[in-house]
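A.B. asks: Take a look at this one; I'll ask things after.
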């Protein structure tokens, strides 16, 4: 009888340990899935940012040539003077663009938090 009780207690402990192990495993699985989802989202954001930056770079190169040609023809300047003025115009436009988008996207990020 004593042996039967010991056996029952041992089985109860094993069942309890199995249940705890199962709960811990499920919890770990949920946490891993959560981290994987977060990681995938971050990769998507980074890829989107890189693609948008690439397109922006292409547009900037094309507009640079347009502005440069326009400034040179409008003011009848030398190539160096035209480059200097167009670089200044592009720099000013870029700075304003960065400020505007930083403010707009910064407000959006603050609202999400």
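A.B. asks: Here are some residues: 72, 65. Which one is in contact with a helix residue (DSSP H, G or I) (Cβ under 7 Å, 6 or more places away or on another chain), part of a helix (DSSP H, G or I) and surrounded by 10 or more Cβ atoms within 10 Å (Cβ to Cβ)?
C.D. replies: Exactly one residue qualifies, and that residue is 72.
A.B. asks: When both residues are 6+ apart or on different chains and their Cβ atoms are under 8 Å apart, which pairs have a first residue that lies in region 34-60 and is over 17 Å from residue 105 (Cα atoms), and a second that is part of a helix (DSSP H, G or I) and at pLDDT below 90?
C.D. replies: As it stands, the answer is 60/90; 60/94, since those pairs meet every condition given.
The values are calculated or read from the model by the stated rules, or taken from the named source; none is laboratory data. Everything numeric in this text was worked out from a predicted model, so none of it was measured. Positions of Cβ are generated from backbone atoms using ideal geometry, with glycine treated the same way; all protein chains shown enter the neighbour counts.
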